[in-house]
1. Kindly give Rg over Rh for segment 148-358, based on alpha-carbon atoms, with the Kirkwood expression for the hydrodynamic radius.
2. Given a 1.4 angstrom probe, I'd like the percentage of the accessible area of the chain that is carbon and sulfur, rounded to a whole number.
3. What spacing in nm lies between the two simple spin-label points modelled at ASP291 and LEU12, each 7 Å away from Cα in the Cβ direction?
4. Would you mind getting the accessible area per residue of the chain, heavy atoms of the protein chains only, 1.4 Å probe, in Å²?
5. Quote the FRET efficiency, to the nearest 0.05, computed for THR225 versus ALA43 with a Förster distance R0 of 35 Å and r equal to the Cβ-Cβ distance.
6. For an R0 of 35 angstrom, estimate the FRET efficiency from the Cβ-Cβ distance between SER192 and ALA343 and round to the nearest 0.05.
7. Rounded to the nearest 5, what % of DSSP beta bridges with both residues in the chain are antiparallel?
8. What full-extension length gain, to one decimal in nm, is calculated for HIS135 and VAL316 as 0.36 nm per residue of separation minus the Cα-Cα distance?
Amino acid sequence: MLQSDCMSTEELRTVWWEDGAVCLIDQRILPHQHVIVRCRTLAEVAQAIKTMQVRGAPAIGCTAAYGMALVAQSSSADSSTALLDELARAKALLDAQRPTAVNLAWATTRMLQHAQQSPAGDVAALRARMLAEAHVILAEDLAMCHAIGAHGVALIPKRGHVLTHCNAGGLATAGYGTALAPLRTAHDQGRSLHVYVDETRPFLQGARLTAWELQQAGIDQTLITDNMAGDLMRRGAIDCVIVGADRIVANGDVANKIGTYTLAVLANAHNLPFFVAAPSSTIDLALASGDEIPIEERDAGEVTHLGGRPIAPAGVAAAHPAFDITPHILITAIITEQGVVTAPFADKLRRIATHKTSGS
Ligand code: MRU
């Protein structure tokens, strides 16, 4: 995996294909260092997903799609059947890296199905098809984010004070973001707004990534620690909450970054709207309720240490569930690229999921 410094001022790309490599911006060290990671093997792509060099459900999906394309490009298989077997093994490896964000398996399933539909016997055509499909997935994700912005902007209160959690911005997607998309659109329309950014312990996606993205976009913000939200709500400083999602299941329950459920309960207690923004690739109709969503348990060292330094007594037991479940009853509306849906969610989510542009 090659790394190089890149303090370029041009618009930041999250995931792209260049010279036979899957390229990523290393999100573990942003915003202080801008380093491009070039993955030239499937193992490097899997590692980048696992270690969160790339993170955010849609960005993980796009990366996995390019990982599948990389396998097709670099394979020495001399028959379509052999290459399809290799791709199926690659899918299993990629899917295992992060279990909660369904966009990962959604993208690899779509890539594998696309491969299976390739004319039998033409390995060169199969290789080309895979790369083309990964490009399509990336382009579609960007378009979905812009559509989420266009649909969601009407929900953002005029001169509103909006709280967001984790990073559901351009870095978490092919660009523009999900939860940040309506805020960007409001800002682009000249509307004033103020964003409260949860720092998002323990990985600090809010402090490191969202704060940086909003700063780049020129959107007013205040960074807060995660335990400040309740007090701000009680004092009337917040008008609504908007977050992204890693998986939305059939009844409307949502998995998102740990701490999201706490915010939903707080918003409910203070009678504030709680919005979830996500593309249709995040909807998983195979699961009936949030109780069935696998929750990734990450290394407790990410809790006991901050920036590599210990912040707790050596040997202390610590827990690190990376996501939590917000029950649909706490959600005011779900913003997708196909429009805004409110409760009851089930039938509306089914229609949206079955009208996906393509894929499974
Ligand atoms: O662990 P992460 O950083 O991958 O978690 C990210 C989130 O929880 C985001 O809110 C979610 O993936 C939506 S990103 C558009």
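1. Values: Rg = 16.7 Å, Rh = 17.3 Å.
Ratio of gyration radius to Kirkwood radius for segment 148-358: 0.96.
2. Values: 7820 of 14460 Å².
Ligands and nucleic acids excluded, carbon and sulfur give 54 percent.
3. 4.0
4. On the way: 14460 Å² over 360 residues.
Here the per-residue accessible area is 40 Å².
5. Values: r = 37 Å, r/R0 = 1.05.
After rounding to 0.05, the efficiency reads 0.45.
6. On the way: r = 30 Å, r/R0 = 0.86.
Plugging the Cβ-Cβ distance into 1/(1 + (r/R0)^6) gives 0.70.
7. Roughly 55 percent of the DSSP beta bridges within the chain come out antiparallel.
8. Stretched fully, the HIS135-VAL316 segment lengthens by 60.6 nm.
The values are calculated or read from the model by the stated rules, or taken from the named source; none is laboratory data. Treat the numbers as computed from the prediction; the structure is a model and nothing was measured. Cβ: placed from backbone, ideal geometry, glycine included. Neighbour counts: every protein chain shown. Keep in mind that these areas ignore ligands, DNA and RNA; they rest on the heavy atoms of the full protein, side chains included. Shrake-Rupley method; radii C 1.70, N 1.55, O 1.52, S 1.80 Å.
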